[in-house]
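Below is one structure, written out as structure tokens; the observations come after it.
Values in this text are rule-based calculations from the coordinates and carry no lab data. What you see is a predicted model, and the numbers here were worked out from it, not measured in a lab. Cβ placement follows ideal geometry from the backbone for every residue including glycine, while neighbour counts extend to all protein chains displayed.
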Amino acid sequence: MPSSSIAADGSPLGDLLRQLRSWSLVALPILFFLIFFAGPLLYLFVVSLLEPSQTELYGTNVTLQNYAKVLGDEFYLRIIQRTLLVGALVTGIALLIAYPVAMAIARMTPRWRIIAMIALMFPLMLSNVVRAYGWIAVLGRQGVVNTVLTQAEIIDAPLALLYSIEAVVLGLMTILLPYMIISIANSLTGLDRSYAEAAQSLGAGPLRTFIHVTWPLSSPGVAAGMQLVFFLTLSAYVTIALLGGPRFSLLVSMVYRSAMAFQWTFSAALAFVLLGVALGVGALIMLVLRPGRVQGRG
Amino acid sequence: MAAGEIDVRLENVSKSFDRVEAVKDVSVDIPRGQFFSLLGPSGCGKTTTLRLVAGFEHPSAGAIYIRGAAVTRVPPYRRDYSMVFQNFALFPHLTMAENVAFGLRMRRVPGPERARRAREALAMVKLEGLAERYPRQLSGGQQQRVALARALVVQPAVLLLDEPLGALDKKLREEMQVELRELQHRLGTTTLFVTHDQEEALTMSDRIAIMRDGVIEQIGQPREVYERPRTEFVASFLGVSNFFDGRITAAANGSATVDLGFGQAVLSHRGTVGEAVRFAVRPEKVRLGQISTGGFAAQVREIVYRGVTTHIYLDCHGNEVIVFLQNASSDALAWRIGDAVAFSWERDSAVVLDRG
């Protein structure tokens, strides 16, 4: 852009200055993002492509052996599979429970809706470690459930409730449920009731009104809720460790364990497999729910 | 009229919300093919009445029939009607063609026939080229037409219109009024129309019900309710009226002489001597002349030129009298503020109002 003219209003230089000023507002966040997120991520990706070294953090030769080790080993494939299963169960169950609750919240008066939303936020203020120990107190060998059942002489010996996939799913689902409810409720609250009425006036009963109108129109909230819950499940290390026990591993546990074992390059590759799972499932959710169509973009 | 020809019947219908009566004892019959308007200010109960017919609200008392079928306890989706909403309520995730086909799909009309009828309906509102667009990509007027096509394609017993032209600008609204009326005439669909716009109601309707505080004050053909308003509310809500108060000084053979304080007027009215009466005269029915022509003496206070008409505001012994003059010749423009004038009207132009 020619900037030789004197900086008067409307001159090319003036335009440039104005543009610079508006960019300066986002410059700091962008800089922060580049230095502390994009940069390290790129660095980590490079590390995942290097061969391991006994003496250094990583070797110098470029190789795909780290990825081959993850994707070629049945042990790791089973862990990826289990990670997907836990993610799907947590997300699916949370969706089933959250949708009716969100519908009820959307029908409340604005005053009660705010109260309900604040009530939903409360559990999020509590540490996940505390909540995991809470579940241990309920599900453990000497926990509430086993004590009651034994005392009532329904069972002879304590059940092994803890350290199972069920315990992990239950623990994660209850922690993440509010995210799902809040995002669906927001979507439903903004929905004009005349859409549902229009469907009814055209002959759609309650079920078909839901299938053809309410559900697709709430898809932005559903997609956001499902992605939030799924992504948070992928990285919920503490809950998985405490409720799943030492022998229950998901991808995130493997990242942690291999990093602790100084297998930097392998750990980096695992981290990128985890990222790949997140991106893949995130894209799948968008593809199936097509939240963009609510804005009329097909 | 035979009962079979009545498409919508409301029998003593009332509706309360939290002890507030929104609709009080409303009874209406709409014969097949009629364009029927509910007219009134906001909060008069007209929209609630429409929603009762639609089944979105349930009456506290009374019964509703559509084509002879009692629908009072029937859910909306099993009633034979369709509706155009105030905000159109086009489904944003569906194309125009899918929006129009929605009602047919719900009625399980097979695919090819569905597509054909949706296409025809879009052609009917002159939008066949926009079948694959989404609501967001259309102008307000286009959305309005699609909403109309979506409602008409299912060939409903009754078409309900909830202020469908309210969201459009004035010029487009007037175009749509004519278009909607033509379409309704052509298809002969019984129509229940809700509006607060008196001009719109007069333009479009076969019959108008004027509502106030949940009660129908008067039902009649546009000309009837305009020319012979029964109450002061109807006379002032539908157009403009001059109101006069007086006391009957002589009565005989269906005519009454009334003392207005500033003169005597003769009305077509069966009354008794001494009775207080209030009557209305439309501004366009008031004649204006030189003081020598006879009539009530007054003074010109204000003159407003409006293009088609000129509005002249008179002061008659402290009463304001409005006169609308057609600008057919330059006569109307000859008056000046401060002129002493005489005004009068034909005897039948004065309408005696119910004491309410």
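PRE reach from A:L71 (point 7 Å along Cα→Cβ): which of segment A:249-288 fall under 17 Å by backbone N?
Backbone N within reach: A:266-281.
Going by a ≥ b ≥ c, the root eigenvalues of the Cα gyration tensor, does segment A:130-194 fall in the rounded group (a/c under 1.5), the prolate group (a/b larger than b/c) or the oblate group?
prolate
Calculate how many DSSP beta bridges within the protein assembly as shown are antiparallel, expressed in % of all such bridges and rounded to the nearest 5.
Just about 75 percent of them are antiparallel.
Would you mind pulling out the separation of the Cα centroids of segment A:41-120 and segment B:168-227, in Å?
60
How tilted is helix B:96-106 with respect to the longest principal axis of chain B? Cα atoms for both, answer in degrees (0 to 90, nearest 10).
70
Hey, got a sec? Which GluC sites (Glu not before Pro) in segment B:106-210 land in a DSSP loop and have at most 15 other Cβ atoms within 10 Å?
The qualifying sites are B:E132.
Work from the charge dipole of chain B (Cβ charges, +1 for Lys and Arg, -1 for Asp and Glu, about the Cα centre) and give the residue of B:P156, B:V109, B:A123 farthest towards its positive end.
B:V109
Aspartates and glutamates near A:K69 by alpha-carbon distance under 14 Å, same-chain residues fewer than 8 away left out - which ones?
Within the straight-line cut-off, A:K69 pairs with A:E51.
About the Cα centre of segment B:96-195, how large is the charge dipole given +1 on each Lys and Arg Cβ and -1 on each Asp and Glu Cβ? Please answer in debye to the nearest 20.
Computed about the Cα centre, the dipole is about 320 debye.
Would you mind classifying segment A:1-120 by shape? Square roots of the alpha carbon gyration tensor eigenvalues, ordered a ≥ b ≥ c; an a/c under 1.5 is rounded, otherwise it is prolate if a/b is larger than b/c and oblate if not.
oblate
Compare A:T233, A:T60, A:T83 in a GNM of chain A, Cα atoms joined below 10 Å, and give the one with the largest fluctuation.
For chain A, modelled as a Gaussian network with Cα springs under 10 Å, the answer is A:T60.
Based only on other Cβ atoms within 10 Å, what is the fewest-to-most ordering of B:H93, A:H212, B:H317, B:H311?
Least to most surrounded, the residues fall as B:H317, B:H311, A:H212, B:H93.
Tell me, in nm to one decimal, what length is gained between B:R336 and B:R133 on full extension, where the rule is 0.36 nm per residue of separation less the Cα-Cα distance?
So the extension gain works out to 67.4 nm.
Using +1 at the C-beta of Lys and Arg and -1 at the C-beta of Asp and Glu, which of B:I312, B:F88, B:L172 has the Cα lying farthest in the positive direction of the dipole of chain B?
Sorting the options by dipole projection puts first B:F88.
Place +1 on the Cβ of every Lys and Arg and -1 on the Cβ of every Asp and Glu in the protein assembly as shown, take the dipole about the Cα centre, and give the residue among A:T265, A:T214, B:P283 whose Cα lies farthest towards its positive end.
A:T265
Out of the DSSP beta bridges found with both residues in chain B, what percent are antiparallel (nearest 5)?
Close to 75 percent.
What trypsin sites (Lys or Arg not before Pro) in segment A:70-155 are in a loop by DSSP, with at most 16 other Cβ atoms within 10 Å of the Cβ?
Of the trypsin sites (Lys or Arg not before Pro), the ones in loops of segment A:70-155 whose Cβ has at most 16 other Cβ atoms within 10 Å are A:R141.
List the trypsin sites (Lys or Arg not before Pro) in segment B:50-105 that DSSP assigns to loop (not H, G, I, E or B) and whose Cβ has at most 11 other Cβ atoms within 10 Å. Which are they?
B:R73
Hydropathy at least -0.5 by Kyte-Doolittle, axial extent at least 20 angstrom from the Cα trace: which helices of chain A, defined as entire DSSP H runs, fit?
For chain A, where a helix must reach 20 Å along its axis and average at least -0.5, the hits are A:12-33, A:74-107, A:165-189, A:219-234, A:264-289.
Might you report the magnitude of the Cβ-based charge dipole of the protein assembly as shown about its Cα centre, with Lys and Arg at +1 and Asp and Glu at -1, to the nearest 20 debye?
The calculated dipole for the protein assembly as shown is roughly 1320 debye.
Take peptide A:189-195, look around each residue's Cβ out to 10 angstrom, count Cβ atoms belonging to other protein chains, and average those counts.
3
Order of A:86-93, B:224-231, A:154-161 by packing, highest average Cβ count within 10 Å first?
Per-residue Cβ counts within 10 Å, averaged per peptide and sorted highest first, yield A:86-93, B:224-231, A:154-161.
Could you identify which residue out of A:G244, A:G225, A:G203 has the top mean-square fluctuation in a GNM of chain A using Cα springs shorter than 10 Å?
A:G203
Using a Förster distance of 41 angstrom, determine the FRET efficiency expected from the C-beta separation of B:E113 and A:R247, and round it to 0.05.
0.10
If the only charges are +1 at each Lys and Arg Cβ and -1 at each Asp and Glu Cβ, what is the size of the charge dipole of chain B around the Cα centre, to the nearest 20 debye?
About 1300 debye.
What ranking of A:L64, A:L49, B:L148 emerges when the number of other C-beta atoms within 10 Å of each C-beta is taken as an exposure proxy, fewest first?
A:L64, A:L49, B:L148
For the protein assembly as shown, what is the mean residue ellipticity at 222 nm derived from helices alone (per DSSP H run of n ≥ 4: -39500 (n - 2.57); sum divided by total residues; nearest 500 deg cm²/dmol)?
Dividing the helical sum by the residues of the protein assembly as shown leaves -14000 deg cm²/dmol.
Where does the charge balance sit around B:L130 when Lys and Arg score +1, Asp and Glu -1, over other residues with C-beta under 15 Å from its C-beta?
Computed value for this residue: +2.
Please give the helix B:111-124 orientation as an angle from the longest Cα principal axis of chain B, in degrees from 0 to 90, rounded to the nearest 10.
Rounded to the nearest ten degrees, it is 20.
Checking the table B:K126/B:K285; B:K46/B:K171; B:K24/B:K126; B:K24/B:K171 against a 31 Å threshold on Cα-Cα, which pairs fail?
Violating the 31 Å Cα-Cα cut-off are B:K126/B:K285; B:K24/B:K126; B:K24/B:K171.
Cut-off 10 angstrom, C-alpha nodes, Gaussian network model of chain A. Which of A:L84, A:L16, A:L274 fluctuates the most?
It is A:L16.
When a/c is below 1.5 the answer is rounded, else prolate if a/b is larger than b/c, else oblate, so apply that to chain A with a ≥ b ≥ c taken from the square roots of the Cα gyration tensor eigenvalues.
oblate
With angles folded into 0 to 90 degrees, how steeply does helix B:140-152 sit against the dominant principal axis of chain B? Use alpha carbons for both and round to 10.
The answer is roughly 70 degrees.
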